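Contents: one structure, followed by commentary.
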Amino acid sequence: MTLARLTYFDAPMSRGEECRLALQLAGVDFEDHRIRREEWPAMKETTPYGALPVLDLPGHPALAQTNAILVLIGRRHGLHPADDFEAARHEGMMQHVEDLRANVSPTIRMGDADKKIAREALVAGYLPAWARAAERNIASGPYFAGENIHVVDVKLHMAVRWFLGGNVDHIPATIFAAYPKLMGVHDAVREHPRIKAWYARG
Ligand SMILES: N[C@@H](CCC(=O)N[C@@H](CS)C(=O)NCC(=O)O)C(=O)O
């Protein structure tokens, strides 16, 4: 293996897509290894933690856990702060996005009636509280820490994008519309030339 290889499901979503976007932002030439759902059961126990994404770098064992992957890419390519306190502050926000996933993802596997009840409760309570907390911790923009983009911004972008397409039943596409700093990070990442180039590649 001579290239970095990022393994994830074949969809532009969630933790895998944020690692792809971070690699693209970093200018890393990588193999975008996409697997089919049918391939996953046989592969699961071969991965470090039984989950994707996994990053393989030449000369190293496989690396898993999304935030660890993002921090490594960020540290190596100037997309994560060198100052240890500021880095920890970014990692706090990255964990905040994982907390969002931990609260919303269980509803994916619910039946329709339970899903509706659970998601309406999230819309009434958890999701606005999550967004208020995100908003309190974002600088004046356009990015989380101000003028410069970091891996945390990619993660916030993906969190907002999850709902923005209106594809999550019972959660309005506008759920984060009232939070200008959060939306601003989403938009600034979307408009970054390297991110635009990723989606323009066809
Ligand atoms: N804590 C892990 C969670 C990884 C995770 O749950 N990945 C999901 C896809 S986003 C997965 O592999 N699901 C299939 C499974 O758990 O079998 C991380 O941050 O990477």
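The values are calculated or read from the model by the stated rules, or taken from the named source; none is laboratory data. None of the values given here were measured: they were computed from a predicted structure. Cβ placement follows ideal geometry from the backbone for every residue including glycine, while neighbour counts extend to all protein chains displayed.
Summary table
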| read-out | value |
| --- | --- |
| Residue in region 49-61 that is within 27 Å of residue 129 (Cβ to Cβ) and touching a residue at least 12 places away in the same chain (Cβ under 8 Å) present | yes |
| Pair list, Cβ < 9 Å and 6+ apart or interchain, from region 94-113 residues that are among the charged types (D, E, K, R) to residues that are surrounded by 10 or more Cβ atoms within 10 Å (Cβ to Cβ) and not in a helix (DSSP H, G or I) | 112/169 |
| Subset of region 1-24 (residues that are more than 16 Å from residue 62 (Cα to Cα) and out of contact with any Asp or Glu (no Cβ under 9 Å at 6 or more places or on another chain)) | 9, 10, 12, 13, 14, 17, 18, 21, 22, 24 |
| In region 7-28, the residues that are within 12 Å of the ligand (Cβ to nearest atom) and either touching a helix residue (DSSP H, G or I) at 6+ places or on another chain (Cβ under 7 Å) or of a type in the set (A, V, I, L, M, F, W, C) (or both) | 8, 9, 11, 13, 14, 15, 17, 18, 19 |
| Residue in region 29-43 that is aromatic (Phe, Trp, Tyr), in contact (Cβ under 8 Å) with a residue 40 or more places away in the chain and near the ligand (Cβ under 9 Å from one of its atoms) present | no |
| Scan of region 8-39 for residues that are of a type in the set (Phe, Trp, Tyr) and either within 17 Å of the chain's Cα centre (by Cα) or part of a helix (DSSP H, G or I) (or both), ordered by number | 8, 9 |
| Any hit, region 54-64, residues being at pLDDT 95 or above, assigned to a helix (DSSP H, G or I) and either not assigned by TED's automatic domain parsing to the domain that holds residue 136 or not hydroxyl-bearing (Ser, Thr, Tyr) (or both) | no |
| Qualifying residue in region 84-107 (condition: hydroxyl-bearing (Ser, Thr, Tyr), assigned by TED's automatic domain parsing to the domain that holds residue 121 and more than 13 Å from the ligand (Cβ to nearest atom)) | yes |
| Residues being of a type outside the set (A, V, I, L, M) and more than 19 Å from residue 156 (Cβ to Cβ) - total across region 43-79 | 13 |
| Residue 118 outside any strand (DSSP E or B) and over 19 Å from the mean Cα position of the chain (by Cα) | yes |
| The lone exception for residue 50 - which of (1) in contact with a Ser or Thr (Cβ under 6 Å, 6 or more places away or on another chain); (2) near the ligand (Cβ under 10 Å from one of its atoms) it fails | (1) |
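One line per residue, one yes/no per condition, for (1) surrounded by 14 or more Cβ atoms within 10 Å (Cβ to Cβ); (2) in a loop (DSSP other than H, G, I, E, B); (3) on the phi > 0 side of the Ramachandran plot:
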| position | (1), (2), (3) |
| --- | --- |
| 43 | no, no, no |
| 47 | yes, yes, no |
| 70 | yes, no, no |
| 86 | no, no, no |
